[in-house]
Amino acid sequence: MSKQRKAVALISGGLDSMLAAKTVMEQGVHVEGINFFTGFCVEGHTHAIRAKDKAKPKRNNSLWVAEQLGIKLHIVDVIEEYKDVLINPKHGYGANMNPCLDCKIFMVNKAKQWIAENGYDFIITGEVIGQRPMSQRKETMPIIARESGADDLLLRPLCAKNLPATLPEREGWVDRAKLFDFSGRSRKPQMGLAASFGFNEYAQPAGGCCFLTDASYSAKLVDLWQARDNNKQYDLDDIMLLKVGRHIRPRPSFKMIVAREEGEGRFLQGYKKEFITMNCTSHSGPLVLIDGSPSAEDLYLAAGITARYGQGRDAEQVDVALTGKDGAERSIQVKPLLADELPEEWFI
């Protein structure tokens, strides 16, 4: 009786990795999933914060995909290790702050380590040639396999027929004839395959899974680094706060994070001891975090901006409570800034 082969599939939570894992499972291979948590993943926690997103699923898509497939998922925290990938990408960035090629090499390398430690035979990814402009091109596929150290233990079931046969194919662990030759940006082949497998629900077919591909998020990250004299270190709280609120930098010395709705206000409450905070007391208004080293003049300007985003924006005067990190509170009376007094370049 032949030995059952075992593979680990990189599960991002999207459609492609779901289909890739299922394709190999259909051939009798034991498949488990692995997800590397960098902190930049687009997941349901952001939907849980904002009321406008309340209709969106509050779920970790990787866990949800594993549940649909009926496989075990290993979630590995790589926040610290990933910093070097983001800060010093050998192959550079994409359109924004996304080091996609280095990221894929890093994750496949981590998967290679995992299969060696756990007695698995090969690695599965949902990559498709031509689908991503930076990391999923025909010329980058060999780079990922080579620089990750996975070499021909890396199987890409959705586009395998467009690539040289890997060890699992040559050894007959999987039947190459039952793999696919998908290519290009169109998701119609994947959606058709999903239907054939009976998958009627899945994450947005063309959706990215990383905030670093988002121009707005990337701009906030660059601003954060510049404000720290280009010290590019960061922690999980930095990552999370860049996902929430309206970010305004009126002066190089400070930045404001303004809650846009009640859900964001509740979330930002958890950071009150780490930042100077402001909120209107004479009228309803948002909670605001002040990051940096603001002067007394800066704080007065920040109070005027805070008042602008409250119900007293048309009032002659608004009372704004200013609370220090030590909990000491005082009140500032200000006239709210007018819309044309907030230059566009202040908004990150």
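Numerical summary
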| read-out | value |
| --- | --- |
| Subset of region 251-262 (residues that are touching a residue at least 60 places away in the same chain (Cβ under 8 Å) and open to solvent by less than 10 Å² (accessible area, probe 1.4 Å)) | K255 |
| Residue match in region 5-12 (condition: at pLDDT below 95, open to solvent by 40 Å² or more (accessible area, probe 1.4 Å), of a type in the set (S, T, Y) and part of a loop (DSSP other than H, G, I, E, B)) | yes |
| Region 208-227: number of residues that are open to solvent by 40 Å² or more (accessible area, probe 1.4 Å) and either under 25 Å from S12 (Cβ atoms) or not in a helix (DSSP H, G or I) (or both) | 8 |
| Identity of the residue in region 24-66, open to solvent by 60 Å² or more (accessible area, probe 1.4 Å) and at pLDDT 95 or above, that ends up nearest to L268 (Cα to Cα) | H30 |
| Selection count where residues are closer than 12 Å to T277 by Cβ and either open to solvent by less than 90 Å² (accessible area, probe 1.4 Å) or not assigned by TED's automatic domain parsing to the domain that holds G270 (or both), scope region 310-348 | 7 |
| Complete set of residues in region 270-309 that are open to solvent by 50 Å² or more (accessible area, probe 1.4 Å) and of a type in the set (F, W, Y) | Y300, Y309 |
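Quick grid of which residues meet (1) of a type in the set (D, E, K, R); (2) farther than 19 Å from D223 by Cβ; (3) in contact with a Lys or Arg (Cβ under 7 Å, 6 or more places away or on another chain):
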position: K273; (1), (2), (3): yes, yes, yes
position: I276; (1), (2), (3): no, no, yes
position: D340; (1), (2), (3): yes, yes, no
position: F347; (1), (2), (3): no, no, no
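The values are calculated or read from the model by the stated rules, or taken from the named source; none is laboratory data. No experiment lies behind these values; they were computed from the predicted model shown. Neighbour counts are summed over all protein chains in view; Cβ atoms, including those assigned to glycine, are modelled from backbone coordinates with ideal geometry. Side chains included, ligands, DNA and RNA excluded: accessible areas come from the protein's heavy atoms. Shrake-Rupley method; radii C 1.70, N 1.55, O 1.52, S 1.80 Å.
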